[in-house]
Amino acid sequence: MKNTRSLFTLAVLILLGVGMTTSCKNKASDNQQAEATTDTIPMIEQDHDEYLAAIEAYLRTIGSQYTPGEVCIPCYTVVAINESDTGYTRVWGDWWVFNYNIVGDTLKCVSGGNHPGLMYLKQNNTHEWVVSSFDQVEDGSRNLPSAKRIFGEYYDAFHKVNSNQEQRDIIRLKQVAYYVQEHNLPVTMLQDSGWPAVALPLD
């Protein structure tokens, strides 16, 4: 029996760095807007934390291929998870990664990019989940056909997530704020190149 959970979710933070790269040119939504909207975005179920840890570790290694910063904070939206296959789990998502320098109380973005696709996870010899392979949406003329192939029945859900800049900005602010609090970073603001700094929605 197919065991797939469609998740239009805000997870924790992280993303990758090959193909489809972009600079930090998309401004984050203002804090007031984020506070008004993020309550409507559900957090990913806690029983998937081990999957997310594996994905985040994988994305951080690929994010190191970008122009380096002091801090790498990926962010993402999980589109769907399928646990029905023996030996591995499939996780579809809209994956992003951003590298930042800490300047005073501000995280200043120095590089970043978008890498949507499908992660294949399996357990290693110590029963920890790791990403065994990644099927990534291609660039250029292959973008749309590869996205439809990879996401399949979840393509509409992916497109809804990926094409909504306002929601992506809100998710990013929340995930960066989570990372900042978890790692006790001395910052309260986020800034993309060419845009004013934006206050993080810290608790």
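The values are calculated or read from the model by the stated rules, or taken from the named source; none is laboratory data. The structure displayed is predicted, hence computed values, not measured ones. All Cβ positions, even for glycine, are placed from backbone atoms using ideal geometry, and neighbour counts span all protein chains on display. Accessible surface areas use protein heavy atoms only, side chains included; no ligands, DNA or RNA. Shrake-Rupley method; radii C 1.70, N 1.55, O 1.52, S 1.80 Å.
Remarks
- Residue-normalised accessible area of segment 135-188, expressed per residue, 1.4 Å probe, Å²: 52
- Ligands, DNA and RNA left out, the accessible area of segment 106-164 computed with a 1.4 Å probe is 45% carbon and sulfur.
- Segment 52-128: GluC sites (Glu not before Pro) in DSSP coil with no more than 14 other Cβ atoms inside 10 Å: Glu70, Glu128
- Segment 66-183 shape via C-alpha gyration tensor axes, a/c threshold 1.5: oblate
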